[in-house]
Amino acid sequence: MTKASRNADPPRRDQAKTAAATRILIAHGDACYRTGLRALIEAVSDFAVAGEASDGDAAVRLARQLEPDVVLLGLAMSGLDGLGVLQQLDGLRVRPRVICVAGAVDNGEALKALELGARGVFLTTACSDLFAKAIRCVMRGEYWVTREHVKDLIGALVEARSTPTPPPGKRPFNLSPRELDVVKLVVGALSNREIAQALSLSEETVKHHVCSIFNKTGASNRLELALFAIHHRLVQSDHSFRS
């Protein structure tokens with residue numbers, strides 16, 4: 001049996017799972033780490049391993065062939081690297097949701113991965129119990145980034161984009177001036193309590209504004225709102241970022 005055909009065939013245990021299972025392609029250069037990921041996935045009743053790839057070219061080929069729901073993608077692989085794989089996946093008829101996996105990711109690399117369509121960034125040093133949570137998160141259409149790296153990533157997003165404020169009188173996405181103030185502070189990685197202090201509001205009022213902003217923009221969490229705000233030029237390019 002060739003390596004490609006072996007990778008394409010899910011294990012017998014996965015074949016017994018229901019058709020509704022989330023099908024996951026593992027693409028990582030480390031065989032031991034792939035084995036660990038497979039064990040984690042197989043332990044979840046509604047997850048199934050669709051296949052495995054040990055390099056970037058195989059990842060693209062199997063993603064096209066198997067049409068998985070999710071790809072766990074190592075950023076450092078031989079041949080085509082993870083960012084190259086993301087570029088190739090953009091042309092697929094059915095594009096899977098991608099979670100990038102790496103031992104360490106600098107902000108620029110993580111930002112580039114998100115710009116290329118990744119829905120999450122997961123560090124191998126993070127608790128393995130969070131993998132299922134991350135997969136379910138991206139399957140809901142949300143973004144996943146390990147909590148301790150959210151502030152750094154949002155800071156990199158702000159610095160990387162030239163985002164002038166919309167012209168006076170405009171109300172993008174029907175956001176009120178106060179809601180735009182809240183958006184800018186969310187992008188600055190402030191908590192609800194810190195936003196309340198900065199705007200002289202109660203924390204409950206800030207929570208109400210944040211919920212309203214989520215409803216108007218379609219964002220489901222603060223990272224997704226930050227990505228949305230920067231993409232749609234809702235914040236100034238010289239906005240200060242708190243570390």
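What follows draws every value from the coordinates through simple rules; no lab data is involved. Since the model is a prediction, treat every value here as computed from it, not as a measurement. Using ideal geometry, Cβ is built from the backbone for each residue, glycine included, and neighbour counts are taken over all protein chains shown.
Between residue 80 and 56, 57, the built amide H atoms are under 5 Å apart, and every one of these is 5 or more places off in sequence or on another chain. One decimal place: the segment residue 128-residue 214 gains 28.0 nm when fully extended, by the rule 0.36 nm per residue minus the C-alpha distance. Between 110, 44, 63, the Cα set farthest toward the positive side of the dipole of the stretch 3-145 (charges on each charged residue's Cβ, about the Cα centre) is that of 44.
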